[in-house]
Amino acid sequence: MATIEKSLTHEKEQASLWDVERIRADFPVLRQTVNGKPLVYLDNAASSQVPQVVIERGSMYLEQEHSNIHRGVHYLSQKATTAYEGARETVKRFINARESKECIFVRGTTEGINLVMHGYGRKFISAGDEIIISAMEHHANIVPWQMLCEEKAAGLRVIPMNDAGELLLDEYEGLLNERTKLVAVSHVSNALGTINPIKSMIESAHKYGVPVLIDGAQGAPHMIVDVQDLDCDFYAFSGHKMFAPTGSGVVYGKARLLEQMNPFQGGGDMIKSVTFEKTIFADLPNKFEAGTPAIASQIGLGAAIDYLNSISREHAAAYEHELLRYATERLSGIEGVRIIGTARDKASVLSFVIDEVHPHDIGTILDQEGIAVRAGHHCAQPVMQRFNVPATARASFAFYNTREEVNVLANTIERVIEIFS
Ligand code: C6P
């Protein structure tokens, strides 16, 4: 059997081992009806749902541990500090960082990228330098670099993509040169679903001594991330897209780089000493965590990772991949539906347009049937421009979605087409 066929069969076997009904029982939000219909939640790329164990961990903190961290000698503060720093250890193991101090807690991917822009970019990037991003970036990985380029008179270079939504890697190699000071690319595109070959892209950048930031907002929830194996310099992700509460997130950075960087914000808990003449900053990770953080949310992120570790992530990924394949097959079979983003390697996301129907109308009709999708530009306007569409409707999957839900989606899309024909 050919290698691709073999791996597809292996993936199908793994997907068939997934007990989706058992997994769904872990997510109380999925039990409700919307407009009299069972909720079909297909907006996981925006925010995924939270399992009962994470909800319970949040309640336990509020009921038994709520207090400020790192500051108090008292019992509750010590308990909260232990839980918060325990979550950092969990994150460290989850992404295989060398040390937990390399995992900086932030509100989410956006804040993580801005931390690197301020801490690294403003210190090390100057006039005439270049930053490389890609044509499929979310605004969170475009706007901060544009702001920096404007401030420093540096240049922003963009790796183009083909009509399938795959980066043109030869063009990327051509953009790298001695002026390049940073590469910032997404692991997985939120608008197209493309999985980028980040490991080889990082390797190419490192040949020029250029550090690489990975926007992992859509990567961490679906892929096994090993920052040492990838050898990325920064990796940012959001808790609320991986089964944790909003307000949680992480930016990983190599200790050597974080140590050289300026703090992002000044304030309490990020200092060793302060006089009116001079402040000495705290060591990692505190140097980057000024003020009281989102303690409950980050503890929730630790609990969400524990949950992910308790299910087979390999089987979950295979199941999601098989679901995406099935959904792609169903939607491509509907006349009038055009899928935006047909890369060979994709995760979780299915963006589409219907001739003569605005994506917001698609989203509204689907909502009437209890189906949650996102309609709009997905904070990736350059992607919409590249594909010459104002917006798309986007279904995005998690391991608790089912084939029946895909059927409900496909049948309702057929009805949308009937209504507008
Ligand atoms: N994408 C979506 O519906 P925050 O908002 O900081 O948690 O994540 C920002 C972000 C950065 N990069 C990528 C690739 C993303 O997908 C997102 C968030 C959501 O697609 C909300 S716009």
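Summary of computed values
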item	result
Inter-label distance for His74 and Asn177, nm, one decimal - labels placed 7 Å from Cα along Cα-to-Cβ	6.2
Computed lengthening from Phe276 to Glu418, 0.36 nm per intervening residue step minus Cα-Cα distance	44.1 nm
Long-range amide H partners of Gly155 with built H, under 5 Å	Gly128, Asp129, Glu130, Ile131
Nearest-10 value in Å² for the accessible area of Glu203, using the 1.4 Å probe	110
Leading residue at positive end of dipole, the chain (Cβ point charges), from Asn309, Tyr326, Gln78	Gln78
Accessible area in the full protein assembly, largest first, 1.4 Å probe, for Thr110, Thr392	Thr110, Thr392
Kirkwood-based shape ratio for the chain, expressed as Rg/Rh from alpha carbons	0.98
Solvent-free Debye scattering, log10 I(q)/I(0), computed from the Cα coordinates of region 199-324 at q = 0.10, 0.11, 0.14 Å⁻¹	-0.42, -0.51, -0.77
Local electrostatic count at Thr82 - Lys and Arg +1, Asp and Glu -1, tallied over other residues with Cβ under 12 Å	-1
List Met223, Met261, Met60, ordered by accessible area with a 1.4 Å probe, largest first	Met60, Met223, Met261
Accessible-area order (highest first, 1.4 angstrom probe) of the listed residues Lys12, Lys254	Lys12, Lys254
Nearest-20 debye value, the chain charge dipole, Cβ charges on Lys, Arg, Asp, Glu	960
Potential lengthening between Asn411 and Gln385 on full extension [0.36 nm per residue; Cα-Cα distance subtracted]	6.5 nm
Two-site label geometry, Glu259 and Arg93: point separation in nm, points 7 Å out along Cα→Cβ	2.6
Phe94 - accessible surface, heavy atoms, 1.4 Å probe, Å² rounded to 10	20
Sites Asp355 and Leu169, calculated FRET efficiency, Cβ-Cβ separation with R0 41 Å, nearest 0.05	0.80
Rounded, prolate or oblate (a/c below 1.5 giving rounded, otherwise prolate when a/b exceeds b/c) for region 102-152 by Cα gyration tensor	oblate
Cα-based shape type of region 23-175, given that a ≥ b ≥ c are square roots of the gyration tensor eigenvalues and the cut on a/c is 1.5	oblate
With all protein chains modelled, accessible area of Ser312 [1.4 Å, Å²]	50
Full-stretch length increase - Thr82, Val143 - with 0.36 nm per residue and alpha-carbon distance subtracted	18.4 nm
Residue pairs, from the table Lys199/Lys287; Lys12/Lys346; Lys123/Lys152; Lys92/Lys241, whose Cα atoms sit over 20 Å apart	Lys199/Lys287
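The values are calculated or read from the model by the stated rules, or taken from the named source; none is laboratory data. All of these numbers come straight from a predicted model, not from anything done at the bench. Note that each Cβ is placed from the backbone with ideal geometry, even for glycine, and that neighbours are counted across all protein chains shown. Areas reflect the complete protein model, heavy atoms only, side chains present, ligands, DNA and RNA absent. Shrake-Rupley method; radii C 1.70, N 1.55, O 1.52, S 1.80 Å.
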